[in-house]
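Here's the structure we're looking at; comments come further down.
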Amino acid sequence: MCGTLKLKIMSKVFALDGTNNKAVVVTYSGISTLTSYNTEVAEYNHNSNTMTVNGIYSATTLKHIKKFLEFYGYPPMTKQEIIKKFNLTENI
């Protein structure tokens, strides 16, 4: 008889403090993804310790991104610093 392979997939879901549940973080397979108003706007890779920001789509999304960055240990940054650090174009 063949052995049975058991996989345990860990995931964690939480809302960022101070966002009225509009910014949700889902961690799955070592990657935490920030979803702001149903749009994936950033992700943190726990394995490589790298952050990716996909874009700044509104003033509120910018606030959510700032909270996400600070949650993962980044210093407080201005909008222009985030744009420069993550090679973004200015959307708002």
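Every number in this text was worked out from the coordinates using simple rules, so none of it is lab data. Nothing here was measured: the structure is a model prediction, and the numbers come from that model. With ideal geometry, Cβ positions are generated from the backbone for all residues, glycine too; neighbour counts draw on all protein chains shown.
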Worksheet item: What value, in deg cm²/dmol to 500, does the helix sum -39500 (n - 2.57) over DSSP H runs of n ≥ 4 give at 222 nm once divided by the residues of the chain?
Response: -6500 deg cm²/dmol
Item to complete: Could you count how many Lys pairs in the chain have their Cα atoms under 26 Å apart, skipping same-chain pairs fewer than 8 positions apart?
Response: 19
Fill in: Relative exposure of Val41, Val24, judged by other C-beta atoms within 10 Å (fewest first)
Val24, Val41
Discussion item. Pairs of alpha-carbon atoms within less than 8 angstrom and 6+ residues apart define the contacts here; what relative contact order does the chain have, in percent?
Written reply: 18 percent
Fill in: Full-extension gain in nm, Ser11 to Lys85, via 0.36 nm per residue minus C-alpha separation
23.8 nm
Item to complete: For segment 24-41 and segment 68-92, write down the distance between their C-alpha centroids in whole Å.
Response: 16 Å
Worksheet item: What is the sum of charges around Val41, taking Lys and Arg as +1, Asp and Glu as -1, for the other residues whose C-beta is under 14 Å from the C-beta of Val41?
Response: +3
Worksheet entry | Formal net charge of residues neighbouring Thr78 (Cβ-Cβ distance under 15 Å; K, R +1; D, E -1) | +3
Response to the item:
Neighbours of Thr50 by Cβ distance under 15 Å: Lys/Arg at +1, Asp/Glu at -1, summed charge 0
Practice prompt. Take the chain, connect every pair of alpha-carbon atoms lying under 10 Å apart with a spring to form a Gaussian network, then pick out the residue of Lys66, Lys79, Lys12 with the largest mean-square fluctuation.
Written response: Lys12
